[in-house]
Every structure is written in C-alpha cells, then in structure tokens.
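Quick notes on the structure that follows.
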Amino acid sequence: MKFSVETFRRWQNRSVTLLGMSGVGKTYLSGLLRRQDWFHYSGDYRIGTRYLDEPILDLIKSKAMEVPFLRDLLRRDWISISNRIEVDNLGPVLSFIGQLGDPDRNGLSLPEFSRRQAMYREAEIQAMRDVPEFIEKARRIYGYRHFVNDVGGSLCELDEPEVIELLARHTLILYIRVPEIDEIKLIQRAQADPKPLYFRPAFLKSAVKDYLGERGLTYVADIEPDDFTRWVFPRLFHSRVPRYEAIARPYGYTVESPEVAAVRDEQDFLELIATAIARHVEPAAAGVGDPVQ
C-alpha cells in the first residue's frame, strides 16, 4: 500500500509489514505494538507451529529412537513429544534448519542441508500467503484494530514476486535499513544470537566454494559448522541489502535502525512511518486515495 501522510493518518485499521535483517528491531517493534491494540503475526512462529511442525517433530523423534530407553517408550506410546516454540524463542526451527558441515559436530551434508533449506523456503512462502487471512481473523475473532507482520530476514531471498505483491496489497511495507556505521554491530549481534537462515541455492554454492578455498578444505564434511555460520553471515548480510532496497523502492518506505531504536510507544511508531512517507521520493504517493478499511 502507498499513502500520502494525510491518508496514512486517516487509516483506521492499519496493517504493517516490517522488513529487514534479523536484529534491526522488527521483533522489538512488534512486541511494543502487541502491548497495545496490534495483532503480532510472526512469520517464523507460523512456520514453526504450522508448516514445519511435523518435520521438526519427526526429526526429534528420529533422534530419540537412537536411544534405546526412549525408543521403547515411544514405541509403546508411553511418552509424547511436542514443540515449545515461542515468538521470542525459535529454537526448534533453528535446530531443524541446522548447520552445514562436519557430522561429528552436528553438521549436515550439503544435500540434506539443501533439502531442509528448500522446506524452509516453501514454509515461509506459505506463511506469507496466510497474512491476508490473519489480518481478517485478527479483527473478526480477536478484536484487534491493527496488524503488524514480523517477517523473517530471508523474505528478500525467496525470489517469489507474487508474495511481495500480496504483502504490498494488504500491508504497508516498512523497510528498516542499517546505516553503514552500525553494520558491524548488527552482524556481531546476529552471530551471537543466531536465527534461522535461508540461503539462495546459488549463494550457498558460491559461499561453500569460497569457504573451502579460504580454509584449505576439500569436503563439506570438513567444515566446522559454527565457523562457517560466523564466516558466511557478513556475506549474506551484504548480499541482502540490494534485495531489500529493490522491494522497498517500489512497494514500501524506508527508515533507519537508529530511528527504530528511538521508538518508545505506538505514537512514536506512527510518527516514524509518517516521516518515512513524507520523505519518500516517489511523487505517486501523493495521489493515493484512502485504503480499504
């Protein structure tokens, strides 16, 4: 959705998609708004509880079956296993996606890692396709006036234009950009507190080749999983920046991560968006009519 400042201020039932890398403040804003009259839709939570729930449980059960004591309990239905996924704790999803590398260090082979990556991509696409339905359900069932879509950092990697167009029709897309001076801090924060990551196949192939060459290794099985994850994240970050901007330019608005850090309540958030709209360079925004309520 595109707005003038005036039409945005008159928008009665707001729906906003927050776009950007993990660590830029998407979940911070969503948690703040959730305490007011906003429904918080977490893409990764939806992925873990709906679209990857069964594969995650199957993986956990397969590991449990390797332990004789647990195998007997499972086969007799004396125990059950369930996910404890929370909006602020995506551990089961992270564990399922896994890491590439040495199997003796819980690493995955390239074919298995790529298989799970493909499943994660499809799950994220499906979770984003659910957004219009949840906007309606949030209002009809739960009585929320407003809706915030907290998407995963990999939305820009999906190469699925239909998903972006869907979000642009139903929400205002707000891209949170990281100033160059703050990039190192964000990368360090993400490395210290990793989130599930999706890699485009071409990017992953190139990154693995470069990593093996830099480390003097021959096989993926020689990769130290944590080291590869730390090494690849800065490359992933910089590869995503132009992809985010390619979404934000035609479909949304851009703010800086320090501006987000200064938001303390709903009114600050709304003023931040109004400011982003006002400084948007596309003249077409000034002629947009009122959105559908």
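Quick note: the coordinates plus some simple rules give every number you see, no bench work behind them. What you see is a predicted model, and the numbers here were worked out from it, not measured in a lab. Note: ideal-geometry Cβ built from the backbone for every residue, glycine included; neighbour counts use all protein chains shown.
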Quiz item: Got the relative contact order for the chain handy, in percent, Cα pairs under 8 Å and 6 or more residues apart?
Solution: 36 percent
Quiz item: For helix 131-140, what angle does its Cα long axis make with the longest principal axis of the chain, in degrees from 0 to 90 and rounded to 10?
Solution: 60 degrees
Quiz prompt | Folded to 0 to 90 degrees: helix 201-215 orientation relative to the chain principal axis, Cα | solution = 60 degrees
Quiz item: Expressed as a whole number of Å, what is the distance separating the alpha-carbon centroids of region 171-186 and region 196-245?
Solution: 21 Å
Quiz prompt | Extension gain (nm, one decimal) between TYR219 and LYS63, 0.36 nm per residue minus Cα-Cα | solution = 53.7 nm
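Output the Kirkwood hydrodynamic radius of region 17-59, Cα pairs only, in Å rounded to one decimal.
The Cα-based Kirkwood calculation yields 11.8 Å.
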Practice problem: Just add up the charged neighbours of ALA168: K/R +1, D/E -1, any other residue whose Cβ is under 11 Å from the Cβ of ALA168. | Solution: 0
Quiz prompt | Principal axis dimensions, largest first and in whole angstrom, of the chain by Cα | solution = 64, 49, 33
Quiz prompt | Cα pair distances in region 49-96, grouped into 10 Å bins until the bin that holds the longest one, percent each | solution = 26, 48, 25, 2
Practice problem: For the chain, with a Gaussian network of springs between Cα atoms less than 10 Å apart, report the residue from ASP104, ASP77, ASP53 with the top mean-square fluctuation. | Solution: ASP77
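Can you compute the helix-only [θ] at 222 nm over the chain? Use -39500 (n - 2.57) per DSSP H run of at least 4 residues, normalise by all residues, nearest 500 deg cm²/dmol.
Rounded to the nearest 500, it is -16000 deg cm²/dmol.
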Quiz item: What are the residues whose amide H is under 5 Å from the amide H of LEU19, where those residues sit 5 or more places off or on another chain and H is modelled from the backbone?
Solution: LEU174, TYR175, ILE176
Quiz item: Please report, for the Cα atoms of region 38-191, the Rg to one decimal and the Dmax as a whole number; what are they, in angstrom?
Solution: 18.5, 57
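Taking other Cβ within 10 Å of each residue's Cβ, how do SER109, SER62 sort, fewest first?
SER62, SER109
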Quiz item: Size of region 1-109 along its principal axes in angstrom, Cα-based, largest extent first?
Solution: 66, 34, 20
Quiz item: How big is region 194-245 on each of its three principal axes, counting only the C-alpha atoms and giving the largest first in Å?
Solution: 36, 21, 16
Self-check item: Length added when fully stretched, ASP37-LEU94, from 0.36 nm per residue minus Cα-Cα
Solution: 17.5 nm
Quiz item: Say we join alpha carbon atoms closer than 10 Å with springs in a Gaussian network model of the chain; which of LEU204, LEU236, LEU174 then has the biggest fluctuation?
Solution: LEU204
Quiz item: Could you give me the ³J(HN,Hα) list for region 151-158, computed from phi with Karplus coefficients 6.51, -1.76, 1.60 and θ = phi - 60°, whole Hz, x at Gly and Pro?
Solution: 8, x, x, 8, 3, 6, 8, 6
Self-check item: Choice from GLU245, GLU271, GLU66 showing the highest fluctuation, given a GNM over the chain with Cα pairs closer than 10 Å
Solution: GLU66
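Could you give the size of the charge dipole of region 1-120 about its Cα centre, using +1 on the Cβ of each K and R and -1 on the Cβ of each D and E, expressed in debye and rounded to the nearest 20?
500 debye
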Practice problem: For every other residue with a beta carbon closer than 13 angstrom to the beta carbon of ASP193, add +1 if it is Lys or Arg and -1 if Asp or Glu, then tell me the sum. | Solution: +3
Quiz item: Tally Lys/Arg at +1 and Asp/Glu at -1 over every other residue whose Cβ is under 11 Å from the Cβ of LEU270; what's the total?
Solution: -2
Quiz item: Given labels modelled 7 Å from the Cα in the Cβ direction, how far is it in nm from ASP210 to LEU110?
Solution: 1.6 nm
Practice problem: Collect residues whose amide H, placed 1.01 Å from N in the peptide plane, falls under 5 Å from the amide H of PHE147; neighbours closer than 5 in sequence don't count. | Solution: ARG14, SER15, VAL16, PHE39
Quiz item: Under a 5 Å amide H to amide H cut-off, with H placed in plane at 1.01 Å, what residues pair with LEU108 once short-range neighbours are removed?
Solution: GLN99, LEU100, GLY101
Quiz item: Residue-wise, which Karplus ³J(HN,Hα) couplings in Hz belong to region 159-176, taking 6.51 cos²θ - 1.76 cosθ + 1.60, θ = phi - 60°, and x for glycine or proline?
Solution: 6, 10, x, 4, 5, 4, 5, 4, 5, 5, 6, 10, 9, 8, 8, 10, 8, 9
Quiz item: Once Rh is set to the Kirkwood radius over Cα pairs, what Stokes-Einstein translational diffusion coefficient, in µm²/s, holds for region 140-187 at a temperature of 25 °C and a viscosity of 0.890 mPa s?
Solution: 182 µm²/s
Exercise. Using only Cα atoms, find the angle between the long axis of helix 225-251 and the longest principal axis of the chain, and express it within 0 to 90 degrees, rounded to the nearest 10.
Key: 30 degrees
Practice problem: Report the calculated FRET efficiency for GLU86 and THR275 (r = Cβ-Cβ distance, R0 = 30 Å), to the nearest 0.05. | Solution: 0.40
Quiz item: Tell me, TYR175, TYR253 in order of fewest to most beta-carbon neighbours within 10 Å?
Solution: TYR175, TYR253
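Using the count of nearby Cβ atoms within 10 Å as a rough guide to exposure, how do MET65, MET1, MET119, MET128 rank from fewest to most? Mind showing how you got there, number by number?
Working: MET65 13, MET1 21, MET119 16, MET128 25.
With the sparsest Cβ surroundings first, the list reads MET65, MET119, MET1, MET128.
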Quiz prompt | Extension gain, ASP268 back to HIS238 (0.36 nm per residue minus Cα-Cα distance, nm) | solution = 7.9 nm
